[in-house]
Amino acid sequence: MSEQQPNPYTSDPAGQGGQPGMPATPGQGDYKWGPGEASYGYPQPYPGPPAYQPTIGGAGIPTPAYHPAAPVGGAGLSLGDITIAGDQIITPSGNMPLRGAMWNATDFSRTEEKIPPHAIVLAIVFFIFCLLGLLFLLMKQKTTTGYIQVTVTSGGRHHATMIPAVDAYTYQWVMGQVNYARSLSM
């Protein structure tokens, strides 16, 4: 009929699956379920504990004898839960190198303009007494709702944060901060 073809997905060059010198058993060593390593779309492995973790005083754990150097690079900057300290970008997703980082900001906010309820009441009350009450309908109230999304990509990692828009000028403020972060990333 047909000859058995070697499995191209095994690490065994003979294609037999299993240990060298041992007979291959079907279904063993041919396929492993799930991703073998962290890749795009899967969480990155935790890099391990930092070299120094702050402790509670008097706990009997000695502190290191060295003094860490002052941060090199840009001054501290924080946008939501993204922080720039020295030459690192610190996020809940992990640390990223500052050099070569890609920064984006997207405006998901909106500003609505409407006549406030007290202006309508004043217009009705003063319309009865004089026609100048209609001028109260010219009163406008602006309300801004939504978020500005800031994303950063560097060193194979990606993180996004949402900053609430408090007024119509929040996006300009965020873009100023993002442009400063871009200048530090070069």
*In nm, to one decimal, how far is the modelled label at residue 114 from the one at residue 167, with both set 7 Å along Cα→Cβ?*
2.1
*asked:* Let me make sure I get this right: for segment 64-186, a, b and c are the square roots of the gyration tensor eigenvalues over alpha carbons, sorted descending. Under 1.5 in a/c it's rounded, otherwise prolate if a/b > b/c, else oblate. Which is it?
replied: prolate
_Where a label projected 7 Å from the Cα of residue 157 along Cα→Cβ would reach, residues of segment 76-108 with amide N under 11 Å_ = 83, 88-98
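Laboratory data are not the source of any read-out in this text; all were calculated from the coordinates shown. Only a predicted model underlies this, so the values are computations on that prediction, with no experimental measurement involved. Note that each Cβ is placed from the backbone with ideal geometry, even for glycine, and that neighbours are counted across all protein chains shown.
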